[in-house]
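We did not get these values from a lab; they are worked out from the coordinates using the rules stated. For clarity, every value in this text was computed on a predicted model and none was experimentally measured. Here the Cβ positions follow ideal geometry from the backbone for every residue, glycine too, while neighbour counts run over all protein chains shown.
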Amino acid sequence: MVEPFENVYELPMDDHNAPNFELSALIRKWNNQLDVFFKARRKRDKVSVLLITMLLICLLVAVALIIMHVIANVEGSGRLKVQIQQLTLNTSNLERQLHLLLGCGYGWHKFMSSCYDFQLRLKKTWYDAKIDCHTKGGYLVKIDNAFENSFLKSYIQTDKNTHNVWIGAHDSERESTFVWESDNSSLSYSDWVPEEPNNHYLNEDCASMRKKHDYRWNDVPCSMLLSYICEIQ
C-alpha cells in the first residue's frame, strides 16, 4: 500500500521575512518521500511505484514553485541559498532515478545500471553536446570498463552513417590529464588509438570514438561537430 504523502502546497507561505522560510521542513518532507519511493522500488511493487511516481512529479512542481517564491522574497540569505541548492540537487537525483525506474524512457537504451541516449544523427561541438546531455539530466558518456566500451561500439556500428562520436573525456583544464566531465574523475579505463592522445596542432582537448579505428578513442579539437552519447546513471 502506498504511504500517504503530506501536502507540500500547504506549507506556510505567509511570513516572507522568516529567516528559514520553512525550507528545512520542506527538505525533511522531500527526503521522507524519497525514502518511500526507494522502499517501493526495492519491493518491486509496480502499482505503488507508479502511484508514488505520479505523486513525486506533483512534488517536483511544488518544489519548483517554492524555490521561485523563496528566490523572489528572500534572495539575500546565504543559508537559504544552501538549502535551495540542496533541494535542486535532490530534484536532479530524483529525475535520474525516475528515468532508470521507468525503463530509461523513449529513445534511451539501458545497459547494466545506466541509460544511454545515442545522438548519432545530430552533430554538435563537444561543449554544446555536454550542455544538451546536462539538460536531459545526464552527462556526456563516461566509460568505466571494457564491457561498457564494447556495448557502445556495438550500438554505434548498427548505424552505418555514423562517423566519429563524442565521449565525456577531456584535458581542457590540464594538458595530457584527461578527466570525465561528469564528475571530474580521472580515467580508470581507456581505449586510445595507438600514439593517441597526441594533442595535434596543440588544440585537441576533447575525446571522441573514431570510426576509422573501429571506434577507439582519439583526441580532437572540441569545436568539431560530431555525434555524441549522453548517459544517466
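Dipole magnitude for segment 109-232: about 600 debye, using +1 per Lys or Arg Cβ and -1 per Asp or Glu Cβ, origin at the Cα centre.
The ranking of 141, 179 from fewest to most other beta carbons within 10 Å of each one's beta carbon is 179, 141.
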